[in-house]
Amino acid sequence: MAISVSISHITPITLFYLLLLLLLSSTITTTTTTSALNITSILSSFQNLTSFSSLLCSTSVAPDLTRRDPVTLLAVPNSYLSTSPSSDLTRRLPPSSLGDILRYHVLLQYFSWSDLRQIPPSGVLVTTLLQTTGRVHSNFGAVNITRDPLTNSITIQSPAPFSPSNVTVLSLIKTLPYNITILAVDSLLVPYDFNLLASETRPPLGLNITKALIDGHNFNVAASMLAASGVVDEFESDEGGAGITLFVPTDDAFGDLPGNVKLQSLPADKKAVVLKFHVLHSYYPLGSLESIVNPVQPTLATEDNGAGSFTLNISRVNGSVAIDTGIVQASVTQTVFDQNPVAIFGVSKVLLPREIFGKDSAGVTSKPGNAVVGTTVQPPETSPSPENSAGFSGPASHLSSPPGFREEITSKGGRYRMQSCIVTVCCIGLVLVKL
């Protein structure tokens, strides 16, 4: 027997409250879904993945993971990680090389279990986090996912023909729809053409960065600032992880600073931020910079100050590597030092972060008669935006963010959407009450 409800029995105010509850419920659900998620926290709840989680942290890959969404993570359980060949790799490789192997286990695409079951036998090519570093040739930073139509088993390997390394998906560990999937695999996956022998025999570098700059004969100002600030010790301690890339202004670059840029007058903490702004927390040789996939790169200053701040836009302009800060565009002029895991490049200008030296910032002082603070520091006309830069790859090129899969701006957007919904519902309610 059908039950009918006459809309005439529902007063306008009742309808208003029902609509309000529905919209608030939807908005709260959206906000909860888009809140920050920490990959290491998720892994910590699975006792059979503790060793893999520790590797992500010790190789500095974990912070890279929190800046990506969506991802599919290929995690190796403890029992498989402790046996050969995985155990040989974890024991012999330095953190920088092991970090690149782990980045090869981060697929920059969300796959549900049903998605995997629908993969054609011919396979699907998927980009990994390693591909975005620019340290691999061709598409060897991607993986090919195939499915056996008879057994439904899922195999993942390099797209290179006759690749010696491949893994089989064991099970689904966890999935958070459209954000992350964690799959258990039976071994560490090694990228094709990855030079294991060179990685095993490379001695620890332990480079004295200040001495390397002094030996370069054109970086005395930068060497003095690094030594006085104490941040050089932090740079040298990062050599053992994913490596570092330093962009060091020449002495002439410091001499060419506009008169209203008071770099030496900055407080010690801000001066340290400016110096960290010249450093990428990963090793990039010159060839990798020239073909970098993700033009927007976080710096060491980004890690201290949060998502999307203190980033550099790196691209190839007129045959050379250009570095855009948003208010200054410099170019790489020479290679001072390049030996994995440290690369040091001379640059034509001091990299001034817009967060400190932009309009109305304390790092720029106005001259008499200047109506606008910092007008002598202008954005370059040829400065490419992230979307228009060569190599921009859409979702795979998200800006870095603090721990959690969503950037801070996402959560703010959720709040704005909630406020908009409430205002809309209130307006509807007022109309209904007048009826």
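The values are calculated or read from the model by the stated rules, or taken from the named source; none is laboratory data. Note that the coordinates shown come from a computational prediction; the quantities given were computed from them, not determined experimentally. In this analysis, Cβ positions are derived from the backbone assuming ideal geometry, glycine residues included, and neighbour counts consider all displayed protein chains. These area figures cover heavy atoms from the full protein model, side chains too; ligands, DNA and RNA do not enter into them. Shrake-Rupley method; radii C 1.70, N 1.55, O 1.52, S 1.80 Å.
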Quick one: accessible surface of Val190, probe radius 1.4 Å, all protein chains present, in square angstrom to the nearest 10. 20 Å²
What is the local net charge at Pro191, summed over the other residues whose Cβ is closer than 15 Å to its Cβ (Lys, Arg +1; Asp, Glu -1)? 0
Which is farthest toward the positive dipole end of region 209-356 among Val296, Gly243, Thr325, measuring Cα position about the Cα centre, with Cβ charges +1 (Lys, Arg) and -1 (Asp, Glu)? Thr325
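Quick one: net charge around Val136, please, counting Lys, Arg +1 and Asp, Glu -1 for every other residue with C-beta under 9 Å from its C-beta.
-1
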Tell me, what is the 1.4 Å probe accessible area of Ser224, in Å² to the nearest 10? 70 Å²
Can you list residues from other chains, or at least 5 along the same chain, whose modelled amide H is less than 5 Å from the amide H of Lys174? Ile182
Tell me the per residue accessible area of region 39-201 using a 1.4 Å probe; a whole number in Å² is fine. 41 Å²
If you only keep lysine pairs separated by 8 or more in sequence, or across chains, how many in region 209-356 come under 20 Å at the Cα atoms? 8
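Summarise the long-distance tail of P(r) for region 209-356 by giving the % of C-alpha pairs beyond 28 Å.
On the way: 945 of 10878 pairs.
The answer is 9 percent, as a whole percent.
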Dividing the alpha-carbon radius of gyration of region 39-201 by 2.2 N^0.38 Å (N being the number of residues), what value is obtained? 0.96
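All other residues with a Cβ under 10 Å from the Cβ of Asn305 taken together, and with Lys, Arg as +1 and Asp, Glu as -1, what is their net charge?
Working: positive: Lys276; negative: Glu303, Asp304, Glu355.
Result for the neighbourhood of Asn305: -2.
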Can you give the accessible area of Arg117, probe radius 1.4 Å, in Å² rounded to 10? 90 Å²
